[in-house]
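Presented below is the structure to which this report refers.
The values are calculated or read from the model by the stated rules, or taken from the named source; none is laboratory data. A quick note: this is a predicted structure, and the numbers were derived from the prediction, not measured. No Cβ is skipped: glycine too gets one built from the backbone with ideal geometry, and neighbour counts run over all protein chains shown. SASA here: full protein model, heavy atoms, side chains in, ligands and nucleic acids out. Shrake-Rupley method; radii C 1.70, N 1.55, O 1.52, S 1.80 Å.
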Amino acid sequence: MNFSDNELKQLIESNEYEQELFTKADNVRRAHYGTDVYIRGLIEISNYCRNDCYYCGIRKGNQHVERYRLNKDEILSCCKEGYRLGFRTFVLQGGEDATFSDAWICDTVSEIKRLHPDCAVTLSLGEKSYDSYKAYYDAGADRYLLRHETANAEHYHLLHPNSMSLENRKNCLWDLKKIGYEVGSGFMVGSPHQTTENLIEDLRFLQELQPDMIGIGPYISHQNTPFRDYKNGDLHQCLRLIAILRLMFPYALIPATTALGTIDSEGRELGLKAGANVVMPNLSPVKVRKQYELYDHKICTNEEAAECRMCLENRVAAAGYHIVTHIGNAKNKM
Ligand code: SAH
């Protein structure tokens, strides 16, 4: 479905037609995916980061974080436990930790693929060179998540220090596509200084990029960042954007994110009802979960992987959908 800028502006800003919008989006998701919800096991491999994004709790400048990185054996044992629980996709996410060499990343990816050949490996490790992305792909990585964060260059500079640029972020996304990854992008809803026009630009950029996966979630402030005093993104605006995404990108894999579950205890269920079709329970070792705190009060930091898996099974079922344990590729190119 295509929307004009004016239609988008209305749908983004006003809750007047929101129920109708959610119903339409849910119909489209059911037409393509039925009631299936795909699960991805998220393994937060390091909270070291060379970047200083103003919104992020694990930014380099935050002196209050106790830093950690998982070793290969720890990552492999998360995958083993995840496999037992029915996960067939593992997402390795982390800050931009320079200690992880390309050789180490390749080795870890190929080891996961060797032990679990029926699984997909998704990486979410930030901005790298074409050659690095290519090496990970050749080692067996299938998918890459890199949110563009905002498609407006001025807004991008209000969220990031000058060492980072939207141009580079976009180039990374195009490189990933060229190499052959299934690519995920996305943005925060309600990030500081964001306007409706910025959100429309985000949607237009996604139309250009045609990603397989689109992750969005509300901005949530973190006490030890320069943005500590900005208010959190709005739950309902985020839900409306999920619905808009489902209508614009019927085949996309759209997660009901942890951030959505953090601003509202029913946020993920509402996300599913608004068109989302993926959930990403945490598979990280419990001992490090609190340290991967991108924003305050992040949920699911005390539970074991099995508890998260069960909890989500129940939540997804209560919302009227069901978790499937196969690899969960996008049904079709958009
Ligand atoms: N280093 C990787 C992973 C970043 S963390 C990368 O650069 O892609 C994953 C996502 O969390 C980010 O892309 C960002 O959109 C989101 N995030 C970070 N801080 C946040 C906050 N305070 N509130 C909500 N989402 C946040």
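A few notes on this one:
- Residue under evaluation Ser265, criteria (1) open to solvent by 60 Å² or more (accessible area, probe 1.4 Å); (2) touching a Leu at 6+ places or on another chain (Cβ under 7 Å); (3) among the small types (Gly, Ala, Ser), criterion not met: (2)
- Set side by side, the residues Ala103, Ala139 differ, and just one is free of Cβ contacts under 8 Å to residues at least 24 places away in the same chain and in contact with a helix residue (DSSP H, G or I) (Cβ under 9 Å, 6 or more places away or on another chain), which is Ala103.
- All conditions in (1) buried (at least 19 other Cβ atoms within 10 Å of the Cβ); (2) more than 14 Å from the ligand (Cβ to nearest atom); (3) not polar (S, T, N, Q) hold for Leu123, with the sole exception of (2).
- Thr89 meets all of the listed conditions (1) more than 12 Å from the ligand (Cβ to nearest atom); (2) within 30 Å of Asn162 (Cβ to Cβ); (3) within 17 Å of the chain's Cα centre (by Cα) but one, namely (2).
- For the range 45-57, the candidate set comprises residues that are assigned to a loop (DSSP other than H, G, I, E, B) and touching a helix residue (DSSP H, G or I) at 6+ places or on another chain (Cβ under 7 Å); within that set, the residue that is nearest to the ligand (Cβ to nearest atom) is Tyr55.
- Scanning the range 14-58 for residues that are open to solvent by 60 Å² or more (accessible area, probe 1.4 Å) and within 21 Å of Arg268 (Cα to Cα) gives Asn15, Tyr17, Gln19, Glu20, Thr23, Lys24, Asn27, Arg30, Ala31.
- The residue pairs whose first member lies in the range 12-24 and is in contact (Cβ under 8 Å) with a residue 12 or more places away in the chain and under 15 Å from Leu235 (Cβ atoms), whose second member is surrounded by fewer than 17 Cβ atoms within 10 Å (Cβ to Cβ) and of a type in the set (A, V, I, L, M), and whose beta carbons are closer than 8 Å, counting only pairs six or more residues apart or on different chains, do not exist in this structure.
- The condition of being assigned to a helix (DSSP H, G or I) and polar (S, T, N, Q) holds for only one of Thr99, Thr108, that being Thr108.
- Verdict on Ser132 being open to solvent by less than 20 Å² (accessible area, probe 1.4 Å), under 19 Å from Arg50 (Cα atoms) and either more than 10 Å from the ligand (Cβ to nearest atom) or in contact with a Gly (Cβ under 6 Å, 6 or more places away or on another chain) (or both): yes
- Count of residues meeting criterion [free of Cβ contacts under 8 Å to residues at least 40 places away in the same chain and within 25 Å of Asn62 (Cβ to Cβ)] in the range 268-322: 6
- When Lys60 is tested against the conditions (1) without any contact (Cβ under 8 Å) to a residue 12 or more places away in the chain; (2) more than 16 Å from the ligand (Cβ to nearest atom), the lone failure is (2).
- Subset of the range 59-89 (residues that are over 30 Å from Ser221 (Cβ atoms), assigned to a loop (DSSP other than H, G, I, E, B) and either open to solvent by less than 50 Å² (accessible area, probe 1.4 Å) or basic (Lys, Arg) (or both)): Leu85, Gly86, Phe87, Arg88
- In the range 158-174 there is at least one residue matching the filter, namely being under 26 Å from Gly328 (Cα atoms), out of contact with any His (no Cβ under 7 Å at 6 or more places or on another chain), modelled with pLDDT of 95 or more and not hydroxyl-bearing (Ser, Thr, Tyr).
- Residue in the range 317-326 that is of a type in the set (Phe, Trp, Tyr) and within 16 Å of the ligand (Cβ to nearest atom) present: no
- Those residues of the range 178-213 which are farther than 26 Å from Thr258 by Cα and either touching a strand residue (DSSP E or B) at 6+ places or on another chain (Cβ under 7 Å) or β-branched (Val, Ile, Thr) (or both), in sequence order: Ile179
- Tally, over the range 111-136, of residues that are part of a helix (DSSP H, G or I), touching a Cys at 6+ places or on another chain (Cβ under 8 Å) and either in contact (Cβ under 8 Å) with a residue 40 or more places away in the chain or among the polar types (S, T, N, Q) (or both): 1
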